[in-house]
1. Kindly indicate the residue of region 169-214 that is among the polar types (S, T, N, Q) and touching a helix residue (DSSP H, G or I) at 6+ places or on another chain (Cβ under 9 Å) and also farthest from residue 25 (Cα to Cα) among those meeting that condition.
2. Please determine whether any residue of region 157-173 is within 17 Å of residue 103 (Cα to Cα) and out of contact with any His (no Cβ under 7 Å at 6 or more places or on another chain).
3. Condition check: over 15 Å from the mean Cα position of the chain (by Cα), loosely packed, with under 14 Cβ neighbours inside 10 Å and of a type outside the set (Asp, Glu). Does residue 230 satisfy that?
4. Select from region 85-119 the residues that are in contact (Cβ under 8 Å) with a residue 60 or more places away in the chain and out of contact with any Lys or Arg (no Cβ under 8 Å at 6 or more places or on another chain) and list them in ascending order.
5. Going through region 169-212 one residue at a time, which ones are within 16 Å of ligand 1 (Cβ to nearest atom), assigned to a strand (DSSP E or B) and under 13 Å from the mean Cα position of the chain (by Cα)?
6. Return the residues of region 26-47 that are more than 8 Å from ligand 1 (Cβ to nearest atom) and under 18 Å from residue 234 (Cβ atoms); say none if nothing qualifies.
7. Pairs please, first residue from region 186-212 and under 22 Å from residue 231 (Cβ atoms) and β-branched (Val, Ile, Thr), second anywhere and within 16 Å of ligand 1 (Cβ to nearest atom) and assigned to a loop (DSSP other than H, G, I, E, B), Cβ atoms under 6 Å, 6+ apart in sequence or on different chains.
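Here, each number is a calculation from the coordinates, and none is a lab measurement. What you are looking at is a predicted structure, and each value in this text was computed from that prediction instead of being measured. Note that we place each Cβ from the backbone using ideal geometry, even for glycine, and neighbour counts take in every protein chain shown.
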Amino acid sequence: MDTVIQIEHLQKHFGDLQVLNDVDFQIERGKVVTIIGSSGSGKSTLLRCVNLLEVPDGGKIVYEGKDILSGDLDVTKYRSKVSMVFQSFNLFNNKNVLDNCVMGQVKVLKRSKEEAKKIAMEQLKAVGMDQFAYKASTTLSGGQKQRVAIARALCMDPDVILFDEPTSALDPEMVGGVLDVMKDLADKGLTMVVVTHEMQFAREVSDYVVFMDKGVIAESGTPEELFEHPKNERTQQFLSRYSNR
Ligand SMILES: Nc1ncnc2c1ncn2[C@@H]1O[C@H](COP(=O)(O)OP(=O)(O)OP(=O)(O)O)[C@@H](O)[C@H]1O
Ligand SMILES: [Mg+2]
């Protein structure tokens, strides 16, 4: 197995609250891992630690053979390779769609503007947004914004994209389009970690599913193991809330 990121004994507190407790987690190249679990179980905090938006209190995050928590790291460059797609899109509102996708390539990867534009157009095409390239990002629907955010991440040739509930802020009719884009990326072999409440997506697309409960990985396994034969009582309780819908 080709491990992109290896997480060992990760710890995170907010004051007295232990949010991550001795979390071990691996991201394997070409695989899709989904993280499920109740609100407050630490899913976002785990992704935010991997992306260095939060600084863990203990443990290791090993990327390219080095613990990124010790020693010097070019955080901007790291985030271009281990990138994050947020519930709230985080596009630059004062820029058009194309410039959103070009900027990081020029600044961080030092690509020429011309090359960056070419790559941006290809990636926008891949998510079905090329015809919006010159539109202001503020004029897009939520689903369109999220597809642009995904294209922007792809422009950086990421090793992995971390998705934190990418469809939770969308109107229901927009959800399918974004999930289709993500399925397509999974089929193309992109390494993905996806925090989601979309159980159908988790079932169909993941290679591996992680159930978080109160800051620990309470259970993990293949979608078949997790969804058809959950062993942990908390996993069973959590999933039963979805099957009744
Ligand atoms: N910056 C912060 N300061 C203090 N407490 C925080 C902070 N961020 C998160 N927490 C707390 O840490 C716990 C885990 O939060 P986290 O956002 O990781 O949960 P989650 O599993 O992503 O939940 P959700 O499904 O609602 O997004 C929660 O109790 C939350 O209130
Ligand atoms: Mg969250």
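1. First, the residues of region 169-214 that are among the polar types (S, T, N, Q): 191, 196, 200, 206.
Subsequent filtering for residues that are touching a helix residue (DSSP H, G or I) at 6+ places or on another chain (Cβ under 9 Å) retains 196, 200, 206.
Numbers: 196: 17, 200: 23, 206: 15 Å.
In this case the residue turns out to be 200.
2. In the first step, residues of region 157-173 are kept if they are within 17 Å of residue 103 (Cα to Cα); the result is 157-158.
Narrowing the set further to residues that are out of contact with any His (no Cβ under 7 Å at 6 or more places or on another chain) leaves 157-158.
Checked region 157-173: at least one residue is within 17 Å of residue 103 (Cα to Cα) and out of contact with any His (no Cβ under 7 Å at 6 or more places or on another chain).
3. Working: over 15 Å from the mean Cα position of the chain (by Cα): yes; loosely packed, with under 14 Cβ neighbours inside 10 Å: no; of a type outside the set (Asp, Glu): yes.
Judged against the criteria, residue 230 is not a match.
4. From region 85-119, those in contact (Cβ under 8 Å) with a residue 60 or more places away in the chain are 85-89, 91; that's our starting set.
If the condition is that a residue be in contact (Cβ under 8 Å) with a residue 60 or more places away in the chain and out of contact with any Lys or Arg (no Cβ under 8 Å at 6 or more places or on another chain), then 85, 86, 87, 88 are the ones that fit.
5. Of region 169-212, the ones within 16 Å of ligand 1 (Cβ to nearest atom) are 169-170, 193-199, 201-202, 209-212.
When the remaining residues are screened for being assigned to a strand (DSSP E or B), the result is 193-195, 209-212.
193, 194, 195, listed by residue number.
6. Residues satisfying the conditions are 34, 35, 36.
7. 195/165
Residue by residue, here is whether (1) assigned to a helix (DSSP H, G or I); (2) surrounded by fewer than 21 Cβ atoms within 10 Å (Cβ to Cβ); (3) within 16 Å of ligand 2 (Cβ to nearest atom) holds:
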residue	(1), (2), (3)
117	yes, yes, no
121	yes, yes, no
128	no, yes, no
144	yes, no, no
147	yes, no, no
153	yes, no, no
157	no, yes, no
162	no, no, yes
